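The values are calculated or read from the model by the stated rules, or taken from the named source; none is laboratory data. The shown structure was predicted, so the numbers you read here are calculated from the model rather than taken from an experiment. FYI the Cβ positions are ideal-geometry reconstructions off the backbone, even for glycines, and counts take in every protein chain you see. Just the protein is used for accessible areas: all its heavy atoms, side chains included, with ligands, DNA and RNA removed. Shrake-Rupley method; radii C 1.70, N 1.55, O 1.52, S 1.80 Å.
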Amino acid sequence: MQIRQQHAPSYYAASATPAPERPALDEDIEADIVIVGGGFTGVASALSLAERGHSVVLLEANRIGWGASGRNGGQCLGGWSGEGELVKQAGPKAEEFLWNTRYLGNDIVEARIQKYDIKCDYVRGAATVALNARQMKALEEEYADYAEHGLDEVVELADGPALRKHVVTDAYVGGLIDHRGAHCHPLNLVIGEAAAAEKNGVKIFEGTHVTKIEHGPAPVVHTDRGKVTAKYAILAGNAYHALEKQKLSGYMLPAKTYIIATEPLSDALVQELLPTNLAVCDANWVLDYFRLTGDKRLLFGGRCSYSNRDIDDIEGSMTPSMRRVFPQLKKTRVDFSWGGVIGIPLNRVPLIGKVSDNVFYAQGYAGHGVNCGHIVGEMFADAIRGKETGVDLFDATKHFRVPAADAIGGPMLALGMSWYRMRDALGI
Ligand SMILES: Cc1cc2nc3c(=O)[nH]c(=O)nc-3n(C[C@H](O)[C@H](O)[C@H](O)COP(=O)(O)OP(=O)(O)OC[C@H]3O[C@@H](n4cnc5c(N)ncnc54)[C@H](O)[C@@H]3O)c2cc1C
């Protein structure tokens, strides 16, 4: 029998909204839709479906928000990962879809915060920052793209001095400020949405590990001690599941990524770092990202385990990167450090589609899961009601697959990360 794991010991877990510990499933039940996984994808889908009147059962192996959704940087960034590749493969219809959905997830989150009174420190304002002239040129091109699509009021180009009014460091040559990007306490967002889902009738079981999906006219989802028979199933286990290997394994490399959070900063120090409270990520492939929390800690993340092995001293490894950007923090204490697994498809395009006619899956949004997990929830809810959505667009995408990924995934990841680090270093 699997034991449910509690949340990773993070700043988020330490400041989480109290949530009831739900029972494990120990009987055979039925529902319109059964969902595997209680992160943004699973919970947002459950809420979207319940709001449309469907009966929904959600099965989570650990706790709601235990996976990437409850440990991430909290940056709610517009757009999708792998956009260039998707457009290369699917042309104008992909481009239209991507621009139409750019901020859809953030819109859903904002509406839910309002409707269900979810307290998750949500604040608008984000920026991508350039470390060199080449990255700045790419941001200028991105700005031109926004302008071409009538969104030039949403974003703002900032050269070095203009950026320093928002991000007080000499580390960057400029940036692109995104007024519809945002940041939040992601664990409290997913906890709040799970409570809203329950109010709408969703049955949530925690500590319930799904072992198998039996396909057929009515899919049956098996767990250690019970099963759910439904009209549709949604697989939302992201980088943490090993289900449907024949269809899904080998497309996504699970990378370890880490975050530290400082002690709460004085108002004066806040003004010396991020006076306009933006969420910031740099434009490297292997990027650093940071923001202030609701109680004014600096939360600083980066991907630094290139071999896919756990690092022993997260604080020791991340703090120098943070102080390189903000030497102002040389005496500031780090209170929390933690890591999580992020699902990165080899071509960066999220893996979204159907395993069979009535079993959907979505995983691998890379660093865009807050926005995209919510978009996908709507897409699944609409697709189940027979509407045209982007599911077919993603399902038709060609992905790279690593044969025998379970055995050689780690070394492949190390190789891949070294390649991207080399690109960052060479500025290509
Ligand atoms: C450290 C870190 C920083 C990140 N920063 C950002 C950021 O700033 N902004 C952003 O947009 N994205 C960020 N991401 C990515 C983002 O968090 C993810 O894309 C997103 O949370 C994925 O949501 P999900 O619901 O698909 O998966 P998850 O949140 O990973 O949830 C999957 C759930 O499925 C459950 N599960 C798995 N297998 C089973 C099974 N067999 N039975 C039952 N349950 C199962 C797991 O326990 C888990 O709770 C970050 C990720 C990490 C790790």
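So the values come out like this:
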{"read-out": "Net charge dipole size for the stretch 132-188 [Lys, Arg +1 and Asp, Glu -1 on Cβ; Debye, nearest 20]", "value": "320 debye"}
{"read-out": "Cα-based Rg and Dmax for the chain, where Dmax is the largest Cα-Cα distance (Å)", "value": "20.8, 62"}
{"read-out": "Rounded accessible area per residue of the stretch 10-72, 1.4 Å, Å²", "value": "30 Å²"}
{"read-out": "Degrees between helix 104-116 axis and first principal axis of the chain (Cα, 0 to 90, nearest 10)", "value": "70 degrees"}
{"read-out": "Acute angle (nearest 10 degrees) that the helix 186-199 long axis makes with the longest principal axis of the chain, alpha-carbon atoms", "value": "30 degrees"}
{"read-out": "Candidates per GluC sites (Glu not before Pro) in the stretch 89-189, loop by DSSP, up to 13 other Cβ within 10 Å", "value": "GLU153"}
{"read-out": "Solvent exposure, largest accessible area first (probe 1.4 Å, DNA, RNA and ligands not counted), of THR211, THR169", "value": "THR211, THR169"}
{"read-out": "Label-point separation in nm, ASP295 to LYS387, each point 7 Å along Cα→Cβ", "value": "4.0 nm"}
{"read-out": "Heavy-atom accessible surface of the chain: percent carbon and sulfur, 1.4 Å", "value": "52 percent"}
{"read-out": "TYR172 accessible area, assembled protein chains, probe 1.4 Å, Å²", "value": "20 Å²"}
{"read-out": "Zero-based 10 Å bins, Cα pair distances in the stretch 181-257, whole percents", "value": "14, 35, 37, 13, 0"}
{"read-out": "Low-density loop positions, GluC sites (Glu not before Pro), the stretch 18-61 - DSSP coil, at most 16 other Cβ in 10 Å", "value": "GLU21, GLU27"}
{"read-out": "Accessible area in the full protein assembly, largest first, 1.4 Å probe, for LYS231, LYS199", "value": "LYS199, LYS231"}
{"read-out": "Nearest-10 value in Å² for the accessible area of VAL34, using the 1.4 Å probe", "value": "0 Å²"}
{"read-out": "Average accessible area per residue (Å²) across the stretch 122-246 - probe 1.4 Å, nucleic acids and ligands excluded", "value": "43 Å²"}
